[in-house]
1. Can you pull out the residues in the stretch 1-11 that are out of contact with any strand residue (DSSP E or B) (no Cβ under 9 Å at 6 or more places or on another chain) and either open to solvent by less than 100 Å² (accessible area, probe 1.4 Å) or acidic (Asp, Glu) (or both)?
2. I'd like the residue in the stretch 77-94 that is over 16 Å from LYS32 (Cβ atoms) and touching a helix residue (DSSP H, G or I) at 6+ places or on another chain (Cβ under 9 Å) and, out of all such residues, is surrounded by the fewest Cβ atoms within 10 Å (Cβ to Cβ).
3. Please determine, by comparing only the residues of the stretch 14-43 that are hydrophobic (A, V, I, L, M, F, W, C), closer than 11 Å to SER80 by Cα and open to solvent by 30 Å² or more (accessible area, probe 1.4 Å), which one is farthest from the chain's Cα centre (by Cα).
4. Would you point out which residue out of GLU99, GLU28, GLU13 is modelled with pLDDT under 95 and out of contact with any His (no Cβ under 7 Å at 6 or more places or on another chain)?
5. How many residues, within the stretch 71-113, are touching a residue at least 60 places away in the same chain (Cβ under 8 Å) and among the small types (Gly, Ala, Ser)?
6. Could you grab me the full set of residues in the stretch 58-70 that are open to solvent by 50 Å² or more (accessible area, probe 1.4 Å) and without any contact (Cβ under 8 Å) to a residue 60 or more places away in the chain?
Amino acid sequence: MLPLKNRLYKEPEINKLLKEGQTFFLPEFVIKYTFNKQETKIGFIISTKVDKRAVQRNLLKRRLIGVVRKLLPNIKTGYSLLIIAKKQALELDFLDLKEKLSFAFSKIKIYNE
């Protein structure tokens, strides 16, 4: 689990981010982000379009949380991120997920390597 101060889980915050946030596309993910002047908050969306089986969706979410937990110390503070998984994300293992997300965060310019 991510620390509570870094979780994006309140529905109004998520809806505001979906409407007003900038978007970065990868074949495996869509990342919505915006500056929030607070702690970095990260949320995840894995819909049933990714896979009908809850076991597979939960596995992907646990992997994403693990990757983000490792990358969190290098992410700049003050951003809200929403990672929306696509079907191709199921084919990636932990190291590939880490590589893809660090690439995306670098392109967005919120990641200090």
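The values are calculated or read from the model by the stated rules, or taken from the named source; none is laboratory data. The shown structure was predicted, so the numbers you read here are calculated from the model rather than taken from an experiment. For neighbour counting, all protein chains shown are included, and Cβ atoms are generated from backbone atoms with ideal geometry for every residue, glycine included. Note: areas computed on protein heavy atoms with side chains; ligands, DNA, RNA excluded. Shrake-Rupley method; radii C 1.70, N 1.55, O 1.52, S 1.80 Å.
1. PRO3, GLU11
2. Residue satisfying both the conditions and the ranking: ASP93.
3. Only one residue fits best here, namely PHE35.
4. Among GLU99, GLU28, GLU13, only GLU13 is modelled with pLDDT under 95 and out of contact with any His (no Cβ under 7 Å at 6 or more places or on another chain).
5. Here the count works out to 3.
6. ASN58, LEU59, LYS61, ARG62, ARG63, LYS70
For every residue, the table says whether it meets (1) at pLDDT below 95; (2) not acidic (Asp, Glu); (3) not in a strand (DSSP E or B).
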residue: TYR33; (1), (2), (3): no, yes, no
residue: LYS37; (1), (2), (3): yes, yes, yes
residue: THR48; (1), (2), (3): no, yes, yes
residue: VAL55; (1), (2), (3): no, yes, yes
residue: LEU60; (1), (2), (3): no, yes, yes
residue: ARG63; (1), (2), (3): no, yes, yes
residue: ARG69; (1), (2), (3): no, yes, yes
residue: LEU81; (1), (2), (3): no, yes, no
